[in-house]
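Written below as structure tokens is the structure these notes are about.
Computed from the coordinates by the stated procedures, all read-outs in this text should not be read as laboratory data. All figures in this text were calculated on a predicted structure; none of them were measured in a lab. Neighbour counts are summed over all protein chains in view; Cβ atoms, including those assigned to glycine, are modelled from backbone coordinates with ideal geometry.
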Amino acid sequence: MGGATIVPAVETSFTVNGQTVHMALDPRESLLDVLRERLGLTGTKKGCDQGQCGACTVHLDGRRIVACLMPAVQANGRAVATIEGVASPDGVLHPLQEAFIEHDALQCGYCTPGQVMSGLACIAEGHVGSDAEIREYMSGNLCRCGAYAGIVAAVRQAGRSGI
Amino acid sequence: MTAAAARPRVDARAKVTGAARYGTDRTPEGLAYAAMAVATVGKGRVVEIDTAAAAAVAGVRLVLTRFEASELKPPVYIMAGGHAVQSLQPLLSDHIAYRGQPIALVVADTPVAATEAANRVCARYEAAPFALELDDEDAEKLRQPEALPVPALADIAVGDAEAVFAGSEVRVDEVYDHPKQAATPMELLGCVVEWRGDTVVVHEGTQNAGALRNGLALQLGIDPADVEVISPYLGGGFGQKNSLQPHLGPVALAARRLGRPVKFVMTRPQTFHQGSFRPASRHRVRLGADGNGRLTAAIYEVDQETSRHDLFPAMYTEAMSRLYGVPNFSGPTRLVRVDTQTPGYMRAPFESPASFAFESAVDELAYAVGRDPVALRLANDTGTDPITGQPFSSRHVAECLRRGAERFGWAARDPAPGSMRADDGSLIGWGVAIGAYPACVAPAIAHVRAGADGRVVVAVDGHEMGQGIRSAITFLVADDLGIAVDRVTVDIGDTRVAPQHLTAGSWGTASALPAVHAALRELRARLGVAETGMLDVGAAVAAAGQPTVEAEAATLGPGQPPEMLDRSRAGKVAFTGPVYPGFTSFSFVAHFVEVRIEATTRRVRVPRVVSVVDCGRVASAVTAASQVRGGVVWGLGAALREASEPERRYGGFFNATMEEYVISVNADIGEIEVDFIDEPDPLLNPVGVKGLGEVALVGVVPAVTNAVFHATGQRLRRVPITIADLL
Ligand code: FES
Ligand code: FES
């Protein structure tokens with residue numbers, strides 16, 4: 001065992017849901033931990049911290065990523081979107097969130113923020129041509145409660161309504 | 001409009017917006033972060049532990065390797081009358097009972113520093129040989145009735161099963177193997193602990209806030225009144241979060257020592273080595289029948305793993321002895337000690353593996369006598385509990401079978417194995433199985449407060465883990481009083497408002513609803529209004545001349561003595577059932593499954609499932625249907641994917657990540673059609689509900705494996721079935 005690592009902090013700035021944040025970060029800190037522990041945005045969940053479950057899915061410059069595998073310093077100069085920014089500021093839900101409720105696409109709700117963020121990306125990517133395609137492109141997001149049928153129905157409904 | 005749009009899950013909005021706060025979503029001021037270093041040997045002793053490098057990491061505040069028994073008493077195992085998932089408390093001695101046992105707790109200013117420091121803890125061990133599987137030489141085998149001599153765990157025996165089996169016209173005698181499995185709720189085990197003066201506040205996703213409160217108080221030698229446990233939402237429990245975990249005491253002590261709140265989130269690999277899991281089990285099923293497949297005798301022998309330090313009671317025969325009217329039944333049960341953390345209750349803990357074995361054997365019997373598997377099951381139905389001779393309070397499994405067969409189109413099935421093919425050449429198999437799960441009840445205390453503003457706040461025992469108990473309670477109150485759903489607030493999972501007895505065994509709703517129902521009667525009496533019917537709550541409260549009117553009620557299961565409420569208040573398990581004075585209560589289900597097996601790859605797909613459930617009255621239609629679909633998803637995973645593999649070289653578990661422990665993903669799941677009998681149970685409680693969450697899973701696995709037999713003619717007696725089995 002060598003001595004302890006002294007890791008110099010890195011000045012980082014990026015936007016989260018449109019707000020600029022500026023922080024000195026340990027380059028090993030994951031975007032997930034920064035969102036949850038420093039910015040209080042605990043809607044994004046930790047299910048594995050290993051890039052295997054999708055619970056921590058957020059958008060980086062509009063593309064879905066797993067925040068647990070992204071060092072937060074890599075977000076420098078970029079735009080992060082999380083579940084907290086999906087509904088409008090006055091509380092009106094996004095049609096995909098409405099669809100999740102209408103199809104009861106959740107049980108415990110722990111995977112749900114990640115499913116919604118993935119669902120938004122799945123729609124934006126144009127992967128809603130068939131239920132089979134939705135299932136395939138939503139398969140990076142595990143749901144141990146098994147709410148898959150509702151999730152497919154919700155993504156289909158929101159995806160077809162042309163949002 | 002969907003049913004869910006008409007009456008959505010009440011906490012759905014909080015969940016789709018990320019507003020719902022789970023245990024480790026708390027970030028109090030001054031928060032420090034804990035991480036654990038764990039043993040890397042399968043068994044043995046820590047000879048030396050070097051924490052210097054860990055302590056030198058910038059931002060590290062504490063590195064703890066040992067607590068004194070005076071500050072941290074070992075807990076008592078929940079099934080030995082205590083509060084904890086196991087009796088073994090890590091960090092009290094140098095003894096290592098299993099790989100992954102914590103050897104040090106590190107607390108630091110940031111998660112990164114805590115993780116680095118935990119990785120820098122370095123230990124030298126004296127390793128000892130370990131047993132990990134049922135057949136291992138060192139795995140100690142115990143007859144359960146001798147190891148656990150209590151009436152509830154005596155081997156079930158009615159009639160003379162051995163003699164009748166021996167003389168039966170048709171006999172089935174087969175052995176079925178079920179692997180270890182990991183519950184893997186999406187929310188990791190963990191907590192946020194904060195001391196406020198002498199009071200310790202615990203935020204942890206748990207199914208049993210009452211056990212955490214009382215168990216932690218005993219461990220720390222403090223008054224339970226000084227412990228508050230808050231758990232409004234769990235990110236899934238499935239039995240893994242059913243009692244006090246070994247991390248809580250050490251984290252609470254660290255927080256007190258540091259004078260700061262501490263958050264601990266177990267790593268996912270650590271959950272496989274520390275969280276309770278479904279133990280492996282082996283089932284020998286002997287069925288005797290007449291030439292028409294009428295069952296005359298069943299001998300159902302089970303071996304189940306337990307740990308070295310605890311005896312996890314095995315109750316496989318309880319439900320299987322009631323699946324059919326078998327007059328002669330015996331169920332010798334053995335426990336087998338292996339060197340792991342104590343295994344535990346994972347959704348339908350016994351009933352799902354048991355149904356795989358028993359319902360496979362029944363399918364084998366159907367083929368042995370040349371009778372349709374649905375008809376054979378209907379012919380063996382009974383209205384009487386064959387073990388006690390009492391009636392079932394309600395039993396609609398025959399209707400589940402008939403309705404399911406109809407919806408599935410079972411009549412079109414050609415019974416010959418390998419006889420049905422799809423256009424693309426895939427083999428088609430149709431399988432059926434039934435399930436049963438005991439309808440148990442726990443004591444519950446409900447408090448209702450009605451305001452002049454027309455709002456009603458309900459506080460009651462219960463934990464919301466996704467099953468929808470908050471919705472079921474809300475709908476009961478709204479419908480009883482005739483008020484809008486958004487006028488009702490439900491406080492559960494919080495020791496500040498009710499004892500918070502364990503929510504498990506599918507008794508949550510059947511326990512909470514009767515208490516709330518009784519509290520509403522009391523409320524109506526206090527308001528001086530009719531016992532039933534629509535109520536203008538605000539006007540009635542105003543007429544009483546007070547800002548609020550409150551009422552409380554405590555309920556017990558049928559025949560339960562009032563002392564059980566004290567047990568519940570003490571954080572102990574206090575449920576009763578499924579045998580009550582004068583009747584026996586089970587929930588029932590029938591599953592119909594279609595598999596398709598690709599001709600060249602032999603990959604198994606499950607395009608459709610039809611499940612029909614008898615859970616008494618359906619308390620919340622939307623969440624109930626979701627729960628059943630979830631149970632089916634679990635069953636498909638258990639049949640085709642899930643197994644926790646023992647790590648023979650280093651101990652513990654081999655596939656200890658979400659990637660390697662394979663659960664069903666979205667693309668694995670096809671159509672799941674769910675239907676309910678929705679007949680209120682007339683005896684169990686005034687609300688008419690039985691349990692649902694677990695029975696939904698029971699029977700799915702054999703419905704799949706029976707379908708695989710129908711498709712291929714291969715009878716596979718070990719799950720999960722993989723491509724390799726079918727090549
Ligand atoms: S927490 Fe990031 S993928 Fe699981
Ligand atoms: S809703 Fe519980 S994990 Fe998906």
Checklist entry - Which percent of the Cα-Cα distances in region B:676-727 go past 16 Å? => result 57 percent
Next on the checklist: Ignoring solvent entirely, what values of log10 I(q)/I(0) come out of the Debye formula for region A:71-149 at 0.11, 0.13, 0.17, 0.26 Å⁻¹ when each Cα is a single scatterer?
Outcome noted: -0.33, -0.45, -0.75, -1.35
Checklist entry - Mind listing the phi-derived Karplus ³J(HN,Hα) values for region B:377-391, rounded to whole Hz, using 6.51, -1.76 and 1.60 with θ = phi - 60°, and x for any glycine or proline? => result 5, 4, 5, 9, 5, 8, x, 10, 5, x, 7, 9, x, 8, x
Item to check | Dipole of chain B, positive direction: furthest Cα of B:Ser644, B:Phe67, B:Ala444, with charges on the beta-carbon | outcome: B:Phe67
Checklist entry - Dipole of region B:441-536 (Lys/Arg Cβ +1, Asp/Glu Cβ -1, origin at the Cα centre): which of B:Leu523, B:Val456, B:Ala510 lies farthest to the positive side? => result B:Leu523
Item to check | Cα radius of gyration and Dmax for region B:234-331 (Å) | outcome: 21.5, 74
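Work out, in µm²/s and without decimals, the Stokes-Einstein translational diffusion coefficient of region B:620-727 at 37 °C, 0.692 mPa s, Rh from Kirkwood over C-alpha pairs.
Calculated translational D: 202 µm²/s.
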Item to check | Kirkwood Rh in Å, taken over region B:191-250 so that all alpha-carbon pairs contribute | outcome: 11.4 Å
Checklist entry - Tell me, what does the Kirkwood hydrodynamic radius of region B:652-706 come to in angstroms if you use every pair of distinct C-alpha atoms? => result 15.2 Å
Checklist entry - So how far apart, in nm, are the two label points at A:Asn76 and B:Thr532 if each is 7 Å from Cα heading toward Cβ? => result 7.0 nm
Item to check | Shape category assigned to region B:309-349 from the gyration tensor of Cα positions, a/c cut at 1.5 | outcome: oblate
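Which order results if B:His309, A:His59 are arranged by neighbouring Cβ count within 10 Å, fewest first?
Ascending Cβ contact count within 10 Å gives the list B:His309, A:His59.
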Checklist entry - Running Debye on region B:448-514 with equal point scatterers at the Cα sites and no solvent, what base-10 log of I(q)/I(0) appears at q = 0.14, 0.17 Å⁻¹? => result -0.38, -0.56
Checklist entry - Where the centre of each part is set by its Cα atoms, how far does region B:187-236 sit from region A:105-137, in angstrom? => result 35 Å
Checklist entry - Tell me which lysines have Cα within less than 21 Å of B:Lys43's Cα, excluding those fewer than 8 residues away on the same chain? => result B:Lys141, B:Lys180
Next on the checklist: Report, to one decimal in Å, the Kirkwood hydrodynamic radius for region B:440-576 based on all distinct Cα pairs.
Outcome noted: 14.9 Å
Checklist entry - Can you give the alpha-carbon Rg of region A:1-113 over 2.2 N^0.38 Å, where N counts its residues? => result 1.17
Checklist entry - Looking at chain A, do any whole DSSP H helices span at least 15 angstrom along their long axis by alpha carbon and average -1.0 or above on Kyte-Doolittle, and which? => result A:112-124, A:148-160
Next on the checklist: Treating region B:534-587 as a set of equal point scatterers at the Cα positions, no solvent, please give the Debye-formula log₁₀ I(q)/I(0) at q = 0.18, 0.27 Å⁻¹.
Outcome noted: -0.71, -1.08
Checklist entry - If you find the alpha carbon centre of region B:333-374 and of region A:40-55, how far apart are they in angstrom? => result 35 Å
Checklist outcome for this item: A correct fewest-to-most ranking of B:Thr317, B:Thr388 by other Cβ atoms within 10 Å would be B:Thr388, B:Thr317
Item to check | region A:95-160, dipole about Cα centre (Lys/Arg Cβ +1, Asp/Glu Cβ -1), debye to the nearest 20 | outcome: 100 debye
Item to check | Listed residues B:Leu92, B:Ser393, B:Gln240: farthest to the positive end of the dipole of the protein assembly as shown (Cβ charges) | outcome: B:Leu92
Checklist entry - If each residue's Cβ is checked for other Cβ atoms within 10 Å, how do B:Met534, B:Met315 rank with the fewest at the top? => result B:Met534, B:Met315
Checklist entry - Any idea what the dipole of chain B comes to, in debye rounded to 20, about its Cα centre with Lys/Arg Cβ at +1 and Asp/Glu Cβ at -1? => result 840 debye
Checklist entry - In whole Å, what is the distance between the alpha-carbon centres of region B:59-99 and region B:555-614? => result 32 Å
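Under a point-charge model restricted to the Cβ atoms of Lys and Arg (+1) and Asp and Glu (-1), what is the dipole moment magnitude of region B:675-727 relative to its Cα centre, in debye to the nearest 20?
Roughly 440 debye, rounded to the nearest 20.
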Next on the checklist: Under the rule a/c < 1.5 gives rounded, and otherwise a/b versus b/c splits prolate from oblate, where does chain B land using the Cα gyration tensor?
Outcome noted: oblate
Checklist outcome for this item: Residue-ordered couplings for region A:38-49, obtained by feeding phi - 60° into the Karplus form 6.51 cos²θ - 1.76 cosθ + 1.60 and rounding to whole Hz (Gly and Pro as x), are 9, 9, x, 8, 8, x, 6, 9, 9, x, 8, 6
Next on the checklist: Based on C-alpha coordinates, I'd like the Rg and Dmax of the protein assembly as shown, in Å.
Outcome noted: 26.8, 82
